[in-house]
Each structure stands twice: as C-alpha cells, then as structure tokens.
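K.L.:
Before we start, here is the structure in question, set down as structure tokens.
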Amino acid sequence: LRNVVLPRTLTSIGDYAFSQCTNLSSINIPPSVTSIGKYAFYSCKGFKITRIPSSVTSIGEGAFGECKEIAYFQVDPSNPNYQSVDGILFSKNLDTLICFPPCHHLSSYQMPATVTIIEPYSFCYTELRSITFSNSITAIPKFAFYKAPNLVTFVIPPQVVSIGESAFEQ
C-alpha cells in the first residue's frame, strides 16, 4: 500500500487503521475527520509531512509513532485542540507534547516551560542529540525515546517521579 485517497465524508480514522503500512508515503486527511485513533499511522515509515486539518479534535496515543521520515507537522491554525510550533505537534495550550518529528532539523531541544505531559512515542526515532525537559514534567512515558540512538544528553528535572517501560530503549 503506497497511496490512499480517503473519502471527503470520512469522520474517523480508527485505531491501527494504517499501522505497519511501511510503504505508505503520504495521506491527505480530509477536513471531515474529527478523530485519529491510537497507532493509526504507526510505523508508516515513508511519511515526510503530516497535515492535521482544523476538524481533528482527537489524536490517539502513538498515532504517528515510528513514522521515521516525518520532518514536520503542519496543523491548520483554526484547529481548536492542536497546534504545530516549529513543526512539532502539541496540544493547543502547549501543555502536551504529542510528537517531535524524527527528521526535524534541530539537534538539541529545550522543551517549552508550559509542557507538563509528554505522550508515549513522542520522541521515537528522533535525531536529537540533547534535550532539556520542562521543569513541569513529572513523568516520562513508555517508549518516549524509543530508538533514539543519537540522544547522548538529557536533563531531567528532579520532580520526575516515574519513567515508563522502555522509555529509552534502543
């Protein structure tokens, strides 16, 4: 499966819908879609740019996990729940970092102070070499830095009280 044309009347992309479609290089999410299920595009290794329309109000855990080629996210500015800052996918109020694109141009990253939650798989396959967490972070979820071999420096704040399974698995 290389290309998919979704109908303009589609309202939901279900859990695991295109998971493991490793040859899928792009998909146009229609403006009628309101939800993207968990792991919906997991391991779609050919994605480069992902556009999120204004209609999307829900993105499930790991929806873009292991999408190795994503360079940036583009979110419609009128989306009420999500936004992209420098190509990085966040919740609208910037309290949740959803996905840092694996092929992002940055080699080091300082998380915004507003971020209190990092989603699972959020830094999966990233090419980052260093990261400084927000002081508001209290937990690092499962698989947060899964397969991030270039990461050599990370500064974790002392209120961090838990680190999830395989958070830094290589």
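The values are calculated or read from the model by the stated rules, or taken from the named source; none is laboratory data. Here the structure is a predicted model, which is why all the values come from computation and not from measurement. Every residue, glycine as well, gets a Cβ built from its backbone with ideal geometry; the counts of neighbours run over all protein chains shown. Only protein heavy atoms, including side chains, enter the accessible area calculation; ligands, DNA and RNA are left aside. Shrake-Rupley method; radii C 1.70, N 1.55, O 1.52, S 1.80 Å.
K.L.:
Given I36, N23, L10, which one lies farthest toward the positive end of the charge dipole of region 1-76, if we put +1 on the Cβ of every Lys and Arg and -1 on the Cβ of every Asp and Glu?
P.N.:
Farthest towards the positive pole: N23.
K.L.:
Run through the DSSP bridge list for the chain and note the antiparallel percent, rounded to the nearest 5.
P.N.:
For the chain, the DSSP antiparallel bridge percentage is about 25.
K.L.:
Can you tell me the Rg and the Dmax, both Å, for the Cα atoms in region 51-110?
P.N.:
For region 51-110, the Cα radius of gyration and maximum Cα-Cα distance read 11.0, 32 Å.
K.L.:
Roughly how many debye, to the nearest 20, is the charge dipole of region 30-136 about its Cα centre, given +1 on each Lys and Arg Cβ, -1 on each Asp and Glu Cβ, and no other charges?
P.N.:
Dipole of region 30-136, to the nearest 20 debye: 160 debye.
K.L.:
Can you give the relative contact order of region 19-170 as a percent, counting alpha carbon pairs under 8 Å and 6+ residues apart?
P.N.:
15 percent
K.L.:
When the Debye formula is applied to the Cα atoms of region 26-162, each taken as the same point scatterer, what base-10 log of I(q)/I(0) results at q = 0.20 Å⁻¹?
P.N.:
After summing over all Cα pairs, the log10 values are -1.21.
K.L.:
Once the whole set of protein chains is in place, how much accessible area is left on T34, using a 1.4 Å probe, in Å² to the nearest 10?
P.N.:
My reading of the accessible area for T34 is about 60 Å².
K.L.:
Any idea of E119's accessible area? Nearest 10 Å², probe 1.4 Å.
P.N.:
Spelled out: E119, probe radius 1.4 Å, area about 50 Å².
K.L.:
Can you tell me the length gained on complete extension of the stretch L10 to Q170, counting 0.36 nm per residue apart and subtracting the Cα distance?
P.N.:
Once the chain is fully extended between L10 and Q170, it gains 53.9 nm.
K.L.:
Given labels modelled 7 Å from the Cα in the Cβ direction, how far is it in nm from Q20 to Q110?
P.N.:
4.3 nm
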